[in-house]
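What follows is a short report on a single structure.
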Amino acid sequence: MRVSIRFAKTHGHKNQRIYQVLVQTSTKSPKAGSIIERVGVYSPYKNKAVDGSKLAYLDIDRIKYWLSHGAQPSRGVYRLLQYANVLPPQNHALPLNFDREIFKESEAKARKFWRKKRRIQKSKLGLKVDNEEEL
């Protein structure tokens, strides 16, 4: 049984929704999965009564428990947990086996290609072509 942590609209006015953070069984349709536990509440709108910040009440211990048992957070919940320092930020850095020298060579080739292409386009349009053009 797959388990996910996701948002569910609960109450609030139109354009002022308040979301529950739920742990539920994963199915194709989020509404069809059975709810296991409610682990928090989140309001994405700035609260004017409290210093203009967004409100989030999360049971961090229970969220960590479910994550350790294989629950997969949705994209929005993942970002919220990153903001709450429960999960590390996503690292979009290069892989460990990445060779920077090959990257620099291919980057230089790509830059040369795009400069040449831009020169051709400018010459077709009848614009002045600079040989020492920067990207």
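The values are calculated or read from the model by the stated rules, or taken from the named source; none is laboratory data. Bear in mind the structure is a predicted one, so any value in this text is a computation, not a measurement. We place every Cβ from the backbone using ideal geometry, glycine too, and count neighbours over all the protein chains shown. Heavy atoms of the whole protein, side chains included, go into the accessibility calculation; ligands, DNA and RNA do not. Shrake-Rupley method; radii C 1.70, N 1.55, O 1.52, S 1.80 Å.
At-a-glance table
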quantity	calculated
Some residue of the stretch 113-126 being at pLDDT below 70 and not in a helix (DSSP H, G or I)	no
Subset of the stretch 33-78 [open to solvent by 90 Å² or more (accessible area, probe 1.4 Å), among the charged types (D, E, K, R) and within 12 Å of V21 (Cβ to Cβ)]	R38
Matching residues, the stretch 16-32, being under 22 Å from A56 (Cα atoms) and either modelled with pLDDT under 75 or open to solvent by less than 70 Å² (accessible area, probe 1.4 Å) (or both)	I18, Y19, Q20, V21, L22, V23, Q24, P30
Of the criteria (1) outside any loop (DSSP other than H, G, I, E, B); (2) under 29 Å from the mean Cα position of the chain (by Cα); (3) at pLDDT 75 or above, which one K46 fails	(1)
Residue match in the stretch 96-105 (condition: modelled with pLDDT of 75 or more and surrounded by 11 or more Cβ atoms within 10 Å (Cβ to Cβ))	no
Verdict on L87 being at pLDDT 80 or above, open to solvent by less than 70 Å² (accessible area, probe 1.4 Å), part of a loop (DSSP other than H, G, I, E, B) and in contact with a strand residue (DSSP E or B) (Cβ under 9 Å, 6 or more places away or on another chain)	yes
